[in-house]
């Protein structure tokens, strides 16, 4: 898992040393300040490849470049082994002539299993059993696939390289797993889906269904409260979570199988990078999703049906979010001993991004998170209502406000705000205390 990361002369700002938590790491900040960039950099530190290097047609341009080409650019990071030992700092520098990042010669430390859920619905997977370097003679070479990078459509329909099938895809694997009565994947997939379900109902696989006369494939379905619905036809939120569950089970299943072929023990480490974790999820779902996801991954890792004896299995999450409801939900799970919150803001006077680790202090409500350091809003009201309240507050302080202007403002507050809002009541009380009648 990732222990430390520092970036110099690359990205929207010179980011300081990031000391990651061993379990949960959360990134907040405005658009364009570098949350996705930091996840990409974390992927590079764990795999030594940028997402755009592996499949440029899927993630074109997703490779870091120096902010100032005249100065050196460096990425410094260290990893934590499954035994709890910190691996020494690794330094990657940008070679301007070759337009690539270079580091120490030879095979890097193995990061276990790394899964990156992209904001667009695609995924990247790195597996120490299928993507790691190997020896040819006395030389370390990386002649296996550098990683598996899925466009959104690849997740559903499969991924190939030449005449090699790298992944069957969700639509085929789900049905194959479901029809295999002795298989392990489908029961575990069902449990992962249940663990990450919304509070109203459990996401439960339904029977295979045919949906087209032009496509002979049967497709998976989901048992909705109103009946079974073909998986391609369910909501965007359920599709994204179903894809996540599939990729997690597929990645771990193939890792276990590949480890067996190699005669080695499967890794006990999983690192999950998750961009815009709240995308497509209803607020009710956002409030419970992370806790359910963490339990589901740990349950998948330790499930004896894999025939895996894993000592001290570990899960590290790096997630980026724009959701105050998601931040409020962390109050149920955040542990300062293992978790970290990093916030991105504009650095005053420079226009650059400033990254800070902030202490996680419960705010009590999503409104409080919205108006706090994570999202920097002055209130959770609409923009026009906020301006109205600012004018009302200024009028209360002004010695030149006439009774007619005060009464006009009071009527405007009554028209704009809901009847249960306390602002008009306070405004009227203060006005009448100064001798202004509201009648």
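Just so you know, all these numbers are worked out from the coordinates, no wet-lab data involved. Note that this is a predicted model, so its numbers are computed, not measured. Cβ: placed from backbone, ideal geometry, glycine included. Neighbour counts: every protein chain shown.
Quick notes on this one:
- Remark: spin-label model distance residue 161-residue 432 equals 7.7 nm, labels positioned 7 Å along the Cα→Cβ axis.
- DSSP beta bridge pairing in the chain, given as percent antiparallel to the nearest 5: 70 percent
- With N counted as the residues of segment 1-118, its alpha-carbon radius of gyration over 2.2 N^0.38 Å works out to 1.03.
- Computed per residue of the chain from DSSP H runs no shorter than four, each worth -39500 (n - 2.57), the mean residue ellipticity at 222 nm is -10000 deg cm²/dmol.
- Computed from Cα positions, the angle between helix 283-302 and the longest principal axis of the chain comes to roughly 20 degrees.
- Among 387, 49, 352, residue whose mean-square fluctuation peaks in a GNM of the chain (springs only between Cα atoms under 10 Å): 387
- Helix 170-179 and the longest principal axis of the C-alpha atoms of the chain enclose an angle of approximately 70°.
- Between residue 420 and residue 352, residue separation times 0.36 nm minus the direct Cα-Cα distance comes to 20.2 nm.
- The alpha-carbon atoms of segment 383-433 define a convex hull whose volume equals 69 cubic angstrom per residue.
- Reciprocal mean inverse distance between Cα atoms of the chain - Kirkwood radius, Å: 24.5 Å
- Efficiency of FRET between residue 387 and residue 85 - r from beta-carbon atoms, R0 51 angstrom, step 0.05: 0.35
- Cα-based helix-to-principal-axis angle, 185-195 vs the chain, degrees rounded to 10: 10 degrees
- Taking 7 Å steps out from each Cα toward its Cβ at residue 104 and residue 213 produces label points 6.4 nm apart.
- A Förster radius of 35 Å combined with the Cβ-Cβ distance from residue 14 to residue 331 puts the calculated FRET efficiency at roughly 0.65.
- Span from the segment 1-55 Cα centroid across to the segment 228-251 one, whole angstrom: 27 Å
- Only alpha carbons enter this Debye calculation for segment 293-439, each as an equal point scatterer, and the log10 of I(q)/I(0) it gives at q = 0.08 Å⁻¹ is -0.45.
- Packing rank of 367-375, 37-45, 224-232, where each peptide gets the mean count of other beta carbons within 10 Å, highest leading: 37-45, 367-375, 224-232
- Segments 316-324, 392-400, 196-204 sorted - mean Cβ within 10 Å per residue, highest first: 316-324, 196-204, 392-400
- The modelled label-to-label distance for the pair residue 235/residue 119, using points 7 Å beyond Cα in the direction of Cβ, is 2.2 nm.
- When the chain is treated as a GNM with alpha-carbon contacts under 10 Å, the residue of 69, 359, 424 showing the greatest mean-square fluctuation is 424.
- Contact order normalised by residue count of the chain, Cα under 8 Å, 6+ apart, percent: 18 percent
- Cα gyration tensor category, rounded, prolate or oblate, for segment 210-319 with a/c compared to 1.5: oblate
- Whether segment 188-267 is rounded, prolate or oblate, judged on the alpha carbon gyration tensor where a/c under 1.5 counts as rounded: oblate
- Largest GNM mean-square fluctuation among 35, 181, 284, using the chain with Cα springs under 10 Å: 181.
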